[in-house]
Amino acid sequence: MDLMDTTPDAREHFVRAMTILMSGPLIPSCKARVVLRQGAGAPVESFLLDASPRDLVYTLHSEDGELVDDYDGYTHTRRSETPVQDIPRNSFYAEHLAARLAFPMSLPIWGRSFDNYRLTGEASANGEQIKLALVHTKDDTVKGSLVVSDPFRIAVKLDTPTLLIEYTEIAAARRAQTIGRPLGH
């Protein structure tokens, strides 16, 4: 679907969601419970995330409190490794899958040559959330979605047949101020 063929409300929702996603340096710090499923029918893993997208850092713990990943994007180091692991500066997808919603440019949805999905331009709002439609880059019968929270100004769910990342119990350093009209008006 061509973005220009959508309804005015859908275009408005799409632009609003894209503004949130492209505002990486402005994404507020947050803590969240993360649900991750990698692969169709794979078991679901749960994590606790503490992320500061502005500072390009996050810490990820398993449900039992064990450190899983601790990443610093300024120094490009994975601090949880012994010794500290340097990540090449030109690496895409340096973040753990469970942390990627907080770093939306690392999501495999932009239609780049190494991404699996692309945005279709379709968008709908349900309360304070905007749902963006995705289609696989090689098979347009394979669909997915990305949900963006307007008040928290962060992506909160990526759902495809082979990957699910969802943030729940989100606690932001501060709830983002809504700019402009409320959704659906």
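The values are calculated or read from the model by the stated rules, or taken from the named source; none is laboratory data. Fair warning: this is a prediction, and the values are worked out from it, not measured in the lab. With ideal geometry, Cβ positions are generated from the backbone for all residues, glycine too; neighbour counts draw on all protein chains shown. Protein only, heavy atoms only, side chains kept; ligands, DNA and RNA dropped before computing areas. Shrake-Rupley method; radii C 1.70, N 1.55, O 1.52, S 1.80 Å.
Brief remarks follow.
- Per the listing I130, I165, the residue uniquely in contact with a helix residue (DSSP H, G or I) (Cβ under 9 Å, 6 or more places away or on another chain), farther than 19 Å from R11 by Cα and of a type in the set (A, V, I, L, M) is I165.
- Looking only at region 84-105, and only at residues there that are more than 13 Å from A155 (Cα to Cα) and small (G, A, S), the one that is modelled with the lowest pLDDT: S91
- Some residue of region 54-70 being within 19 Å of R153 (Cα to Cα), at pLDDT 85 or above and in contact with a strand residue (DSSP E or B) (Cβ under 6 Å, 6 or more places away or on another chain): yes
- So P108, is it open to solvent by 60 Å² or more (accessible area, probe 1.4 Å), in contact with a strand residue (DSSP E or B) (Cβ under 9 Å, 6 or more places away or on another chain) and at pLDDT 85 or above: no
- Scanning region 139-162 for residues being open to solvent by 20 Å² or more (accessible area, probe 1.4 Å), closer than 17 Å to L36 by Cα and touching a helix residue (DSSP H, G or I) at 6+ places or on another chain (Cβ under 8 Å) gives a total of 1.
- Contacts under 8 angstrom Cβ, first residue in region 58-75 being of a type in the set (D, E, K, R), partner open to solvent by 60 Å² or more (accessible area, probe 1.4 Å), 6 or more apart: E63/L48; D70/R79; D72/L56; D72/R79
- Within region 111-124, being among the charged types (D, E, K, R) and open to solvent by 20 Å² or more (accessible area, probe 1.4 Å) holds for R112, R118, E122.
- Close pairs from region 1-28: first within 21 Å of A171 (Cβ to Cβ) and at pLDDT 75 or above, partner part of a helix (DSSP H, G or I) and open to solvent by less than 90 Å² (accessible area, probe 1.4 Å), Cβ under 7 Å, at least 6 apart: L21/P104; I27/P53; I27/A102
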